[in-house]
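These notes concern the structure reproduced below.
Bear in mind these aren't lab numbers, they're just calculated from the coordinates by the rules spelled out. Note that the structure is a prediction, hence the values are computed from the model and not measured. Virtual Cβ from ideal backbone geometry, glycine too; neighbours counted across all protein chains shown.
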Amino acid sequence: TQLLEQSPQFLSIQEGENLTVYCNSSSVFSSLQWYRQEPGEGPVLLVTVVTGGEVKKLKRLTFQFGDARKDSSLHITAAQPGDTGLYLCAGESGANSKLTFGKGITLSVRP
Amino acid sequence: DVKVTQSSRYLVKRTGEKVFLECVQDMDHENMFWYRQDPGLGLRLIYFSYDVKMKEKGDIPEGYSVSREKKERFSLILESASTNQTSMYLCASKVGQFGTEAFFGQGTRLTVV
């Protein structure tokens with residue numbers, strides 16, 4: 001079993017603060033994805049990173065894939081209440097594109 | 001607009017019953033997945049399928065089986081439901097290439113009493 005460890009598990013911050021959360025594994029993945037899930041809904045893709053060392057930006061969100069393709073980080077600048085949700089990382093592996101998720105990070109941004 | 005549809009939003013079944021959860025996608029995707037989501041445990045992969053009649057076990061396949069007779073439909077079967085299978089079940093589909101997006105259904109909240 002390829003495990004994806006996400007940290008911290010819970011984060012509560014004030015609007016306007018910056019934050020960084022992490023997704024780590026001992027395994028190499030072909031790609032790593034970040035999803036965001038709101039209550040009562042299925043997860044929705046935020047970004048996919050494929051190349052070691054890759055950095056992608058999505059407005060106030062910055063995603064980085066580790067050089068060894070085993071870990072990733074998500075940095076949010078000037079967090080807003082609308083960023084509140086469950087952030088899940090997922091790694092792809094195997095010949096048939098198996099997709100495995102971490103336990104998720106519950107983020108709460110207070111106004 | 002892409003769509004993954006799960007047959008039921010809420011389901012209540014009795015212990016020992018055989019339960020079928022259905023998932024249909026309209027995007028001609030090769031890969032389909034079944035996960036269960038429990039508080040603090042994230043999404044755990046039960047089974048996935050990479051082609052019609054092809055399947056691979058995930059991390060927690062015990063007590064479950066799957067069927068994929070047609071490309072668009074992937075069924076999860078609980079052979080004999082137990083209370084520890086009470087959970088949120090999520091179906092997803094994606095193109096079979098690496099780096100492509102997985103699309104999720106809205107989930108089925110299953111309660112086994």
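Each Cα pair under 8 Å and six or more residues apart adds its separation to the average, and for chain B the resulting relative contact order is 36 percent. The HN-Hα couplings worked out from phi for the range A:66-73 by the Karplus form 6.51 cos²θ - 1.76 cosθ + 1.60 (θ = phi - 60°) are x, 4, 8, 6, 10, 8, 8, 10 Hz, whole numbers, x standing for Gly and Pro. Residue-normalised convex hull volume from the C-alpha trace of the protein assembly as shown: 117 Å³ per residue.
Residues whose amide H lies under 5 Å from that of A:L46, counting only those 5 or more places away or on a different chain, are A:W34, A:Y35, A:R36; hydrogens are built 1.01 Å from N in the peptide plane.
Projected onto planes of every orientation and averaged, the convex hull of the alpha-carbon atoms in the range A:5-110 covers 6.3 nm².
Direction-averaged shadow area of the convex hull around the Cα atoms of the range B:6-53, nm²?
4.8
The separation of the range B:33-80 from the range A:52-111, counted between C-alpha centres, amounts to 24 Å.
When the alpha carbon coordinates of the range B:2-97 are projected onto the principal axes, the ranges are 36, 26, 23 Å, largest first.
With θ taken as phi - 60° and the Karplus curve 6.51 cos²θ - 1.76 cosθ + 1.60 applied, the whole-hertz 3J(HN,Hα) list for the range B:59-67 is 8, 9, x, 4, x, 10, 9, 9, 9 Hz, x standing for glycine and proline. Backbone amide hydrogens, once placed in the peptide plane, bring B:S82 within less than 5 Å of B:G16, excluding anything fewer than 5 places away on its chain.
Taking B:I60, B:I77, B:I46 in turn, the Gaussian network model of chain B (Cα-Cα springs below 10 Å) assigns the largest fluctuation to B:I60.
The residue among A:I76, A:G40, A:A95 whose Cα reaches farthest toward the positive pole of the charge dipole of chain A, with charges on the beta-carbon of Lys, Arg, Asp and Glu, is A:A95.
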